[in-house]
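Novice: Please see the structure below; I have some questions.
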Amino acid sequence: MIPDSVQQIAQKTLLAPFDLEAAKLERVFGTLVGRKVDYADLYFQYARSEGWSLEEGIVKSGSFNIEQGVGVRAVSGEKTAFAYSDEISFNALTDAAKATRAIATAGQARRVRSNLPAAGRSIVPLYRDIDPIASLESGQKVSLLEKLERKCRALDPRVVQVMASLGGEYEVVLIARHDGAIAADVRPLVRLSVQVIAEQDGRRETGSSGGGGRTDYSHFTDEVLDFYAKQAVSQALVNLQSRPAPAGTMTVVLGPGWPGVLLHEAVGHGLEGDFNRKKTSAFSGRMGQRVASRGVTVVDDGTIPNRRGSLTVDDEGTPTSRTVLIEDGVLRGYMQDSLNARLMGMPLTGNARRESYAHLTLPRMTNTYMLAGSHDPAEIIKSVKRGLYATNFGGGQVDITNGKFVFSASEAYMIEDGKVTYPVKGATLIGNGPDALTRVSMIGNDLQLDTGIGTCGKDGQSVPVGVGQPSMRIDGLTVGGTA
């Protein structure tokens, strides 16, 4: 059961202004649900967001956006019918329900037992029902960006440019399901990012940092700003000294925290339910089999308080959970929404996510990370005769069907005779996700989660996520370089 304060905010925001009491929602479901419909829901959303950006010492742009609407969905067997409206009213809901019902009943349904959680289950919120946008005045938001810029420039005279952005979002959702269950959530979200350019002897290099979470702007204390500034400037100065990266097959050591984005892309997507139900994932049909080295345990956990990727309930009203995906190298689970879990005969995991009311739910990651091992990070470095130490990543891409990935390292160093020697630029990691997991030979005891910057894309939808991992040694990985 969602706490009364959250329910009241959601109903006051999304139902009461439009005279949508329970009886009218029941009438909508009466139109929507028929003999061939296995599942149906209404997803109401109100979202208010803002963004501020600073460049060359001044705030050059600001944005503010409000959107609201409702998505109407019916599931019949493997088929989903969906309609949405940016108008919240009984008439608009009825029209959308009629259109959805017509699509849903056009084919045969495969009757399966419902796997939805029972209504009334007690749910503990993972974050406060606050509006982060209202937590600072406009002038204070500008001052926050200016302060971050000053901190970056004060660290080194070679910093010639600082670009920073601040964003906040206040989102209220209410999910009404055909079984009578109603779930609600108030979702705050903030993020602060900074990029610096450092110049020396005509050479320019960049560095970046940032973070945030499901809280308000008070998250960005002086201590946090100092951390972002030092990390961004340090990365830029390191890259000023970098040499062209060598190419070839070598041992790669990944640093803790954000390098877990490689795990997210190369492995995480392949463990989402829809790809495995359709048998298009490299992990399809491998449940219970060894898919990684011993010691490799990967979880998806949407229940960590205040984390960027966390949700009190997913976008079907199911509480999120801590799902063990790989345990000691053995495949144990997939991330599921109700459709794929039902058709695969597997339990719900609370991973149904959607970008907005205008999008369908998909099984998506929340906070995905590898658990710590037993090795000291210094021991891992010392074990490498010659290899690459990658501590930060930029962009990357992966093919879900075969697990092949390409990732660019934004900060990396050479390891020679067990010591980190010089920084390199232009290193890319090339490999196959399932294969790379079998090449993990040492796992550090220094698990870190990222600072709260991740956004994941899938089927044209973007949602906030978290990643993480300890330091990790991977043997025989292909490195593409510029040397």
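The values are calculated or read from the model by the stated rules, or taken from the named source; none is laboratory data. In this text the structure is predicted, and so the values were computed from the model without any measurement. All Cβ positions, even for glycine, are placed from backbone atoms using ideal geometry, and neighbour counts span all protein chains on display. We work out accessible area using only protein heavy atoms, side chains counted, and drop any ligands, DNA or RNA first. Shrake-Rupley method; radii C 1.70, N 1.55, O 1.52, S 1.80 Å.
Novice: At 1.4 Å probe radius, can you tell me the per residue accessible area of the stretch 214-262 in Å²?
Specialist: With the other protein chains kept in place, the stretch 214-262 gives 36 Å² per residue.
Novice: With every protein chain left in place, what is the accessible area per residue of the stretch 365-483 in square angstrom, probe 1.4 Å?
Specialist: 39 Å²
Novice: Using each residue's phi in the stretch 156-170, evaluate 6.51 cos²θ - 1.76 cosθ + 1.60 at θ = phi - 60° and report the 3J(HN,Hα) Karplus result to the nearest Hz, with x for Gly and Pro.
Specialist: So the Karplus estimates, Gly and Pro as x, are 6, x, 6, 6, 10, 8, 10, 10, 9, 9, 10, x, x, 9, 10 Hz.
Novice: In terms of the Cα gyration tensor, with a ≥ b ≥ c the square roots of its eigenvalues, is the stretch 181-255 rounded because a/c is under 1.5, prolate because a/b exceeds b/c, or oblate?
Specialist: Note, shape of the stretch 181-255 comes out oblate.
Novice: Please state the charge dipole magnitude for the stretch 357-483, taken about the Cα centre, from unit charges on C-beta atoms (+1 on K and R, -1 on D and E), reported in debye and rounded to the nearest 20.
Specialist: 160 debye
Novice: Take Ile430 and Ser383, extend 7 Å from each Cα along the Cα→Cβ direction, and tell me the distance between the two endpoints in nm.
Specialist: Here the modelled spin labels are 2.7 nm apart.
Novice: Right, another one. Any idea what the relative contact order of the chain is, in percent, if you count C-alpha pairs under 8 Å spaced at least 6 apart?
Specialist: RCO, the chain: 16 percent.
Novice: Here's something else I'd like to know. What is the set of long-range amide H partners of Val384 at a cut-off below 5 Å, with H atoms built 1.01 Å from backbone N?
Specialist: Gly418
Novice: Okay, moving on. What number comes out for accessible area per residue over the stretch 42-105 if the probe is 1.4 Å? Units Å², please.
Specialist: Heavy-atom accessible area per residue stands at 43 Å².
Novice: While we're here: In the chain, carbon and sulfur make up what percent of the accessible area (probe 1.4 Å)?
Specialist: 49 percent
Novice: Rank these by accessible area, largest first, 1.4 Å probe: Ile103, Ile9.
Specialist: Largest accessible area first, the list is Ile103, Ile9.
Novice: Could you go through the stretch 87-92 in sequence order and give the Karplus-derived ³J(HN,Hα) for each residue, using 6.51 cos²θ - 1.76 cosθ + 1.60 with θ = phi - 60°, rounded to whole Hz, and x for Gly and Pro?
Specialist: 10, 9, 7, 5, 5, 5
Novice: Hey, got the dipole for the chain? About the Cα centre, +1 on K and R Cβ, -1 on D and E Cβ, debye to the nearest 20?
Specialist: In total the dipole reaches around 1420 debye.
Novice: Can you tell me the length gained on complete extension of the stretch Ala23 to Ser408, counting 0.36 nm per residue apart and subtracting the Cα distance?
Specialist: My answer for the length gained is 133.1 nm.
Novice: Share of antiparallel DSSP beta bridges in the chain, in percent to the nearest 5?
Specialist: 90 percent
Novice: Something else about it: From the square roots a ≥ b ≥ c of the eigenvalues of the alpha-carbon gyration tensor of the chain, which class results: rounded (a/c under 1.5), prolate (a/b over b/c), or oblate?
Specialist: oblate
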